[in-house]
Structure formats: structure tokens, C-alpha cells
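Engineer: Quick one: the structure is below, and I'll ask about it shortly.
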Amino acid sequence: MKPSTDSNKLVSIVGAGLVGAGWAIAFARAGFTVRIFDADPRISEQAIPWAAEQLQELKKHGLLEESPRDVSARLTRVATLEEAISGVSYVQESVLERTDVKRQLMEAINHIADEKVIIGSSSSGIPASAFAHDLRISPRVLIAHPVNPPYLVPVVELVPSPQTSAETVECVDSLMTGIGQSVVHVRKEIEGFVLNRLQAALLREAWALHRDGIATCEDIDKTVRDGLGWRWSFMGPFETIDLNAPGGVADYANRLGPLYYSIMQSRTEDGPWDPQLISQVESDRRQHLAVDDLAKRRDWRDQRLMEFAARRIKRQ
Ligand SMILES: NC(=O)c1ccc[n+]([C@@H]2O[C@H](COP(=O)([O-])OP(=O)(O)OC[C@H]3O[C@@H](n4cnc5c(N)ncnc54)[C@H](O)[C@@H]3O)[C@@H](O)[C@H]2O)c1
């Protein structure tokens, strides 16, 4: 991706954990100067060295045109929210997934932000109207929900609240497209938006299949990894079924609609994920991967994502 030459390129990341630090890379790589703020100074301190390492890896995989050092130089740690917000055009909020924490932060931003700043929230499922309602900044707040890590997986869901202005949506669409993200518009607020609702449907069935002794965790994972996931890495569920019947999607619905209806009817009981089931799945997963190896495996995942991104960019 080419660095931008636009002079007004100053954004801020508020909350520099897993997702915030990833956003910092996505913006800096696209030529933005990025201010990084976290309520916990130890977290913001770690963010820049971590980002520098990831940038080296991106370079190795051919996913960075500039030198990692030049990109890292655009990352700055700041000590207060005021410093983070002052004079920036865009804030990517990435604090904890809690309505009270996000509301408190929005009230603080409302107090100090100038008239123009736009705020995108990384919220995974809490809609903006739950924490950004009835403030001076409300027309300039929306959800910009990424997948982790945002510098490797391009999709971002934009979800306006009823108080978000159309201009804000348009602005964030062009900002996100400009840094190389793939924008999805969620047209009405709904808990979990589109991505996590799709994931919830799949996980609901995965937990139930395991609970009922139908398949092991490994075989359920394998079904997605070596089956559904192959097509899903380049086409979605509607295109998948359109191609899976001679006459297209209507033909597919005609042939297999009754089967899917019967499956759906077999899953009417719903409760929270059961603690006993969680501990069964935990012990099953731990046989494949020890807790101490989780971080190493995350690095492995990110390497695979980089290889995948590099191959995909070559094909485009
Ligand atoms: N982890 C994921 O896979 C993922 C994916 C997409 C979206 N998200 C969303 O991104 C957001 C952040 O998630 P995460 O996984 O990075 O969590 P995290 O716990 O790694 O990071 C959250 C950070 O926010 C900081 N923080 C809390 N209150 C703050 C405040 N008032 N001001 C500044 N910093 C504050 C914390 O110190 C912490 O470092 C959440 O809304 C989450 O749902 C997460």
C-alpha cells in the first residue's frame, strides 16, 4: 500500500490493547501519523515496540512498501486523552467491550473534542446508541468494527446509530477504503452486527454438536478448516449456495430449504453457554494446545495470515 501524501493525516487510537495496537499499524502503514493512548501506560508503552516487530514481519512478506522504521516513526505514544484527541481528524476507540466504560469515555471526549473530530468505535457487538447517545458528538460517532488483527484482515463493519449523520458514514467509508480496509455497511443497529451474528450462528451449532457427542472439537474445527472455510476464504454463503445447485440460489432453496428448516427446528432450546460444556471443550482444546503455547500459536496464525494476504494481493 502506498503512503498517503495528504497533509491532514493525524488520527488517534484510544485503547491500545490487542485491537487498538493493530489499528495503529493499519493507519501508520497508510501514511497517517498515529497518536496512541491507553488508560494503562504499560499497555501503550508496549504498543509501539510490538507494532515495530509486526511491521518487520509485514516487510518480510512483501506487505509493506516503506521501511518498517519509517512507518514506526509515525507512531507516537501520548499520556493523556486530551493530547490524544487534540487536533486529530479521527479517533479509533478500542477500549474494553463494556457499555459503562465506552459511555464514560464518550462523555470525556464530548467534553474536549473539537467540532470536526469523528469517532469510530471498535465495539464487537454493543451498538453506538447504547453508549454515544444524546451528546454533542453523537452525529460524529459510529461503530467501525474490525476483525483481529485489523492490519491483516481487511473487513470493517460500519454501523451508524440513529443519531449518526450520513456525512459521518460517508467520511469513515472513504477513510477506511483509503487505508485498504473492506467496508461493510450495516444499515440498522443490531447487537453483534453482521459478523458476530454469523459467527454466533456457527458457534451455537458447534457447541451443540460437541455437547450431544456428535463430533469432537477437532473434527468440528476440521469441517470448517478443510471444508467450509476453503470457499469462505474467497466467497460468502450466498454466492456459495448460488453455485451449489444447477439453477442457482432459488434452485438450491427449493432442493435443500426443507432440510435447513428441519435442522433449524431441532435447535429451539437456547441458554447461556453451559459451564460444564465449556470445561469439556477447554480440556479437549488443551490436549491439542497447552495454555503456555497460546501466544506462540497466535504468532503462527498471524504468519499464516500474512502469507495468505501476500498471495491474495499478488492475485488482484
Ligand atoms: N479482540 C478481538 O478479537 C476484537 C475484534 C474486534 C473488535 N474488538 C473490540 O475492540 C475493543 C478492544 O478490545 P481488545 O481485544 O483490544 O481489548 P484489550 O483488553 O486488549 O484492550 C483494551 C484496552 O483498553 C484500555 N482502556 C480501558 N479503558 C480505557 C479508557 N477509558 N481510555 C483509554 N484506554 C482504556 C485498557 O487498558 C486496555 O489496554 C473492544 O470493544 C472489543 O470488543 C475486539
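The values are calculated or read from the model by the stated rules, or taken from the named source; none is laboratory data. Please read all numbers here as calculations on a predicted model, not as lab measurements. All Cβ positions, glycine included, derive from the backbone under ideal geometry; neighbour counts span all protein chains shown.
Engineer: Do you know which residues across the range 177-193 are free of Cβ contacts under 8 Å to residues at least 60 places away in the same chain and either among the aliphatic types (A, V, I, L, M) or within 18 Å of residue 99 (Cβ to Cβ) (or both)?
Structural biologist: 183, 184, 186
Engineer: While we're on this one: Would you check if residue 66 is out of contact with any Cys (no Cβ under 9 Å at 6 or more places or on another chain) and in a helix (DSSP H, G or I)?
Structural biologist: no
Engineer: Go through the range 61-81 and report how many residues are loosely packed, with under 13 Cβ neighbours inside 10 Å and without any contact (Cβ under 8 Å) to a residue 40 or more places away in the chain.
Structural biologist: 2
Engineer: Okay, moving on. Can you tell me which residue within the range 63-82, out of those that are charged (D, E, K, R) and within 15 Å of the ligand (Cβ to nearest atom), is nearest to residue 311 (Cα to Cα)?
Structural biologist: Here the answer is 77.
Engineer: For residue 108, state whether it is closer than 26 Å to residue 179 by Cα, touching a residue at least 12 places away in the same chain (Cβ under 8 Å) and not β-branched (Val, Ile, Thr).
Structural biologist: no
Engineer: Give the residues of the range 262-292 that are surrounded by 10 or more Cβ atoms within 10 Å (Cβ to Cβ), of a type outside the set (A, V, I, L, M) and either over 16 Å from residue 221 (Cβ atoms) or modelled with pLDDT under 90 (or both), sorted by residue number.
Structural biologist: Result: 267, 273, 274, 279.
Engineer: Continuing with this model, one more query. Can you tell me which residue is farthest from the ligand (Cβ to nearest atom) among those in the range 83-118 that are more than 20 Å from residue 150 (Cβ to Cβ) and hydroxyl-bearing (Ser, Thr, Tyr)?
Structural biologist: 86
Engineer: Which of the residues spanning the range 32-48 are near the ligand (Cβ under 9 Å from one of its atoms) and either among the acidic types (Asp, Glu) or assigned to a loop (DSSP other than H, G, I, E, B) (or both)?
Structural biologist: Correct list: 38, 39, 40.
Engineer: Is it the case, given these coordinates, that residue 14 is in contact with a helix residue (DSSP H, G or I) (Cβ under 8 Å, 6 or more places away or on another chain), free of Cβ contacts under 8 Å to residues at least 40 places away in the same chain, within 24 Å of residue 158 (Cβ to Cβ) and crowded, with 16+ Cβ neighbours inside 10 Å?
Structural biologist: It is false that residue 14 is in contact with a helix residue (DSSP H, G or I) (Cβ under 8 Å, 6 or more places away or on another chain), free of Cβ contacts under 8 Å to residues at least 40 places away in the same chain, within 24 Å of residue 158 (Cβ to Cβ) and crowded, with 16+ Cβ neighbours inside 10 Å.
Engineer: May I ask you to verify whether residue 51 is among the aliphatic types (A, V, I, L, M) and assigned to a helix (DSSP H, G or I)?
Structural biologist: Taking the combined requirement at face value, the residue satisfies it.
Engineer: Among the residues of the range 131-151, what is the count of those that are within 12 Å of the ligand (Cβ to nearest atom) and at pLDDT 95 or above?
Structural biologist: Looking only at that region, the number is 7.
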